[in-house]
1. Let a ≥ b ≥ c be the square roots of the eigenvalues of the Cα gyration tensor of the stretch 122-161; is it rounded (a/c under 1.5), or, if not, prolate (a/b larger than b/c) or oblate?
2. Just to be sure I follow: if Rg is taken over the C-alpha atoms of the stretch 101-214 and Rh is the Kirkwood radius over the same atoms, what is Rg/Rh?
3. Over 28 Å between C-alpha atoms is what I'm after, so list which of Lys95/Lys243; Lys103/Lys294; Lys160/Lys189; Lys95/Lys229 land there.
4. Would you work out the Kirkwood radius for the stretch 219-280? I mean one over the mean of 1/r across all pairs of different Cα atoms, in Å.
Amino acid sequence: MVVLPNSQLSGTRPTLPRQEHHYYKYDDDENTGPYDRAFQQHLIDHNILPPGYEYPDGHEPSEPDNIDEIRQALERPRASLSPSRFSKDDFKRFKRADDHATKESRVTASVIPIIEGDPGDTRCIASDIPFTNLDHLTDGSLVCAKPDLYHGARPEQLHKEVRRALDNHIVPSTQDDLPVLPNNFVEVKGPDGSLSVATRQALYDVTLGTRGFQSLLSYGATEPHYDNKAYALTWTYHGGTLKAYASHVLEPSTPEAPPGYAMTQIKGWSLTSDLETFRQGATACRNGRDWAKKRRDEAIAEANGKVAGIEATGIPSKVTRRMPQGDTLDTKSYDATNVPFALRYEETSEDEL
């Protein structure tokens, strides 16, 4: 029997037939959301920690062990932003778009695409999709997340039995053709929007992504996967400033306790200040998207290989998911025949040409 160690993942509930949850609007009066000032404390009470958090005794959460690796990856030069490819006139066009974007929707439509450049496979991107298919992150009182943008994998990249087993952790929507395993998020605010709200939204988004990624890394293992590394990124853009954050799982102090999550700021850039700073920030954003994709591809290939291993070794074709505190078990049976090889999607970006 293959054990999926999700008992220690915060807020997991027994898997039910897929249906739209009733809580999906940020302004739902019956639930708490990022626009509520109590939202951040609610997350902290469930050991989901915002950037800059200090414990009452003064010590800070650990940073991801791979934070320096991420910073180095974000700084790698990109040909698409070289002086010959992105000129002063291009920067003026960006500033004009930012100046004229008086609403969040205009920032998303006209400013963010200049920062992101060529996004690659657009089937790996979705916007304004309520994450109605995911398990509650805390106690069920939160509205569901709805990132302005998120990047994930095409569903067919990940074996359907893995998607079925981890459905409520890695498949955000019941619309099955949308990206799964999201691990790169963008939250945007217009000039009159609140940076604190954007940061709370980013914290919520990326924690869901981190939880899902840990579930995939733990797939088929007898114990949860803890390595103090970040596998998910989130970005905020407000008032011309782009900020990058990483999120990682905090290993619980006891086997019975749920894990925690911490969001760590990587860096920030005032993109409208000058051309060079724009290049640095846009480079980081595009590199971060590629870095997140590479982490997804690696984790997906490993999980697909485990499914193939089940077929090869004749392990009973059942997947068992531990529920919170190990009280109940939810067993999903599936046909493990005709398991394909791991699916990989290799793409060449404009910066590699």
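1. oblate
2. On the way: Rg = 14.4 Å, Rh = 14.7 Å.
That ratio equals 0.98.
3. Numbers: Lys95/Lys243 17 Å; Lys103/Lys294 33 Å; Lys160/Lys189 36 Å; Lys95/Lys229 36 Å.
Listed pairs above 28 Å: Lys103/Lys294; Lys160/Lys189; Lys95/Lys229.
4. It works out to 14.1 Å.
Every number in this text was worked out from the coordinates using simple rules, so none of it is lab data. Just so you know, these numbers come straight off a predicted model, no measurement behind them.
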